[in-house]
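Input: a single structure, listed below in C-alpha cells.
The values are calculated or read from the model by the stated rules, or taken from the named source; none is laboratory data. Everything quoted here is computed from the prediction, not taken from an experiment. For neighbour counting, all protein chains shown are included, and Cβ atoms are generated from backbone atoms with ideal geometry for every residue, glycine included. To get the accessible areas, we keep the full protein, side chains included, count just its heavy atoms, and leave off ligands, DNA and RNA. Shrake-Rupley method; radii C 1.70, N 1.55, O 1.52, S 1.80 Å.
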Amino acid sequence: MAKIQKPLAEVRYAKELAALEYADKGNSKPAGWKLSPAAVRDFIIGRNEPIAFGGENVEITQKFYGDNALVERAVITLAGSRGLMLVGEPGTAKTMLSELLSAAVCGISSNTVQGSAGTTEDNIKYSWNYALLLSKGPVQEALIPAPVYRGMREGIITRFEELTRCPQEVQDTLISLMSDRVMNIPEFEEGQNLLFAAEGFNIIGTANTRDKGVNDMSSALKRRFNFETVEPVKSPKLEAKIIASQCGELMENAGISAKIDMQAADILAEVFGELRSGVSSEKANVPKMSCVMSTAEAVSVYYQSALDAEYFGGGHISMRKLTENLLGAVLKESRDDLPKLREYYSGAIKLKAERRGGIWNEFYDSRSFLK
Ligand SMILES: Nc1ncnc2c1ncn2[C@@H]1O[C@H](COP(=O)(O)OP(=O)(O)OP(=O)(O)O)[C@@H](O)[C@H]1O
Ligand SMILES: [Mg+2]
C-alpha cells in the first residue's frame with residue numbers, strides 16, 4: 001500500500017500517546033477522556049523526562065512552541081462545558097493545536113467539519129441515505145452521521161475548521177447543541193428522536209482573523225465558546241526551533257537524510273520575524289509586506305530550499321535558493337511587495353552583512369535574484 005503523506009496525529013504519535021496513557025494510570029481524568037489534563041498538556045508542549053514504556057524510553061516531544069499557558073487554558077476549557085475557539089493570524093498553528101488536543105483527549109483527530117461558504121446543516125449534524133430512506137423510512141440505518149452527531153454519540157471531540165467561513169445561519173445550528181447537549185432528530189419517532197451527548201463530547205473551532213473576522217459569529221454562539229488567540233511566535237530563536245523541528249519531521253517523512261542547516265533556519269527565522277513586525281534587530285527600516293509572514297510560511301520556505309538542496313544542490317542549502325523561495329512566499333499576495341523586499345535587503349540585510357559578516361554576506365549577495 002502507498003505510504004500516507006501526512007498520517008493523523010494519533011497515528012504519528014501513537015507511541016507517545018500510549019506511553020502517556022500508561023504513565024497516567026491512577027490520575028484523575030475528566031469524564032470520557034483518555035488522558036488527564038496534565039498528560040494532554042505534556043503531549044503538546046513536551047516533557048523533560050522520557051517515559052519507560054514497552055521496553056524503551058519514550059521521549060515526549062514538544063510539538064507546539066510558544067505560549068504554554070494558552071495550552072493549559074485550552075485543555076481546561078475542553079474539560080468544562082464550553083467549546084474552545086482558537087483564533088488568530090494564518091499559519092499560527094491553530095489547526096495543529098486542535099488536532100493535537102483532539103488526539104490526546106479522545107484519541108481521534110479526524111472527526112472534523114471543514115467549514116466553507118458551502119457548508120450546510122447536513123454537513124454538521126446528519127443526512128440521509130435516500131435509497132434506504134425510501135425503502136425503509138427514517139430508520140437509524142438510513143441516517144448518515146456528520147461530525148457533530150458522531151462527536152455526541154461517541155463522546156469525542158468534533159473539530160470545526162474555519163468556522164467563520166460558514167454562513168451565520170449554519171454556524172448557529174451549534175447554539176442549542178452546545179448549550180443543551182442534545183440533538184433533536186425530528187424524523188425519528190417520539191422517544192427515539194433525541195441524541196444526548198455522551199461524556200467527552202466537545203467542540204474545538206478554529207478561525208482565521210485575516211480572511212473573515214470572528215465578527216461574523218453571532219453573539220449567542222460566541223458565548224458558547226471560550227476564545228483563545230494564538231499569537232505569532234515572537235522570538236527568532238523559538239521560530240528557528242520550530243522550523244528545525246517541523247522540517248526535520250517533513251524531511252524524515254520524505255526520506256531525506258540531510259541534517260537541518262541551523263544557520264539557514266536562523267536566517268529565515270530572523271528575516272520572517274523582522275518582516276512580520278516591521279522592526280529589525282539593527283533598528284534599520286523594515287518595509288511592511290502586504291502578505292502574512294507566518295511561521296507556517298517560514299517552514300515551507302525552508303522545506304522548499306531543503307528539497308532543492310537534496311535534489312539539485314548536492315545537499316547544501318544555498319542563500320540564493322533561500323532568497324528565491326522567500327521571494328515566492330512574499331509575492332503570493334501582491335507584486336507590489338517586490339520593491340519592498342529589495343529595500344529590505346539593501347537596508348537591514350546590508351547592515352547585518354556589514355556588522356556580522358559570514359553567512360549574512362552571502363545572503364546579502366543573493367539579492368540579485370530578487371526579480
Ligand atoms: N507555535 C508553533 N509551534 C509549532 N509549529 C508552528 C507554530 N506556529 C506555526 N507552526 C507551524 O505552522 C504550521 C501550520 O500551522 P496550521 O496549519 O495549524 O496553522 P493555522 O493557524 O491553522 O493556519 P490557517 O489560519 O491558515 O488555517 C504547523 O504545522 C507548524 O509547522
Ligand atoms: Mg488552520
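Look at region 123-144: where a residue is in the same structural domain as Arg159 (by TED's automatic domain parsing) and a partner is part of a helix (DSSP H, G or I) and basic (Lys, Arg), sitting 6+ places away or on another chain with Cβ atoms under 7 Å, you get Ala142/Lys136. Screening Ser257 on (1) part of a helix (DSSP H, G or I); (2) open to solvent by 40 Å² or more (accessible area, probe 1.4 Å) shows it passes everything except condition (1).
Using the structure shown, decide if Arg150 is open to solvent by 40 Å² or more (accessible area, probe 1.4 Å) and in the same structural domain as Ser116 (by TED's automatic domain parsing). Talk me through it step by step, then tell me what you get.
Numbers: open to solvent by 40 Å² or more (accessible area, probe 1.4 Å): yes; in the same structural domain as Ser116 (by TED's automatic domain parsing): yes.
Considered against the rule, which asks whether it is open to solvent by 40 Å² or more (accessible area, probe 1.4 Å) and in the same structural domain as Ser116 (by TED's automatic domain parsing), Arg150 comes out as yes.
Within region 160-174, the set of residues being under 27 Å from Leu100 (Cβ atoms), part of a helix (DSSP H, G or I) and either away from ligand 2 (no atom under 16 Å from the Cβ) or open to solvent by 10 Å² or more (accessible area, probe 1.4 Å) (or both) comprises Arg165, Val170, Gln171, Thr173, Leu174. Taking the criterion of being touching a residue at least 24 places away in the same chain (Cβ under 8 Å) and open to solvent by 60 Å² or more (accessible area, probe 1.4 Å), the residues of region 319-339 that qualify are Arg320, Lys332, Glu333, Asp336.
Among the residues examined, Ala74 qualifies as assigned to a helix (DSSP H, G or I) and open to solvent by less than 10 Å² (accessible area, probe 1.4 Å). For region 208-240, name all the residues that are out of contact with any Gly (no Cβ under 8 Å at 6 or more places or on another chain) and hydrophobic (A, V, I, L, M, F, W, C). Answer for region 208-240, where residues must be out of contact with any Gly (no Cβ under 8 Å at 6 or more places or on another chain) and hydrophobic (A, V, I, L, M, F, W, C): Val214, Met217, Ala220, Leu221, Phe227, Ala240.
Taking (1) within 28 Å of Ile260 (Cβ to Cβ); (2) open to solvent by 30 Å² or more (accessible area, probe 1.4 Å) in turn, Glu343 satisfies each apart from (1).
When region 19-44 is filtered for residues that are at positive phi and either assigned to a helix (DSSP H, G or I) or touching a residue at least 60 places away in the same chain (Cβ under 8 Å) (or both), only Gly32 remains.
From Tyr302, Tyr364, which residue is part of a helix (DSSP H, G or I), open to solvent by less than 60 Å² (accessible area, probe 1.4 Å) and either touching a residue at least 40 places away in the same chain (Cβ under 8 Å) or not assigned by TED's automatic domain parsing to the domain that holds Lys241 (or both)? It would help to see each step written out before you state the result.
Working: Tyr364 fails: either touching a residue at least 40 places away in the same chain (Cβ under 8 Å) or not assigned by TED's automatic domain parsing to the domain that holds Lys241 (or both).
When all the criteria are applied, what remains is Tyr302.
Taking helices (runs of 4 or more DSSP H) that do not extend beyond region 92-156, which have at least 2 residues that are within 16 Å of ligand 1 (Cβ to nearest atom) and under 19 Å from Thr77 (Cα atoms)?
94-106
Filtered by the rule that a residue be out of contact with any helix residue (DSSP H, G or I) (no Cβ under 9 Å at 6 or more places or on another chain), open to solvent by 60 Å² or more (accessible area, probe 1.4 Å), away from ligand 2 (no atom under 16 Å from the Cβ) and in a loop (DSSP other than H, G, I, E, B), region 178-212 gives Pro186, Glu189, Glu190, Gly191, Glu199.
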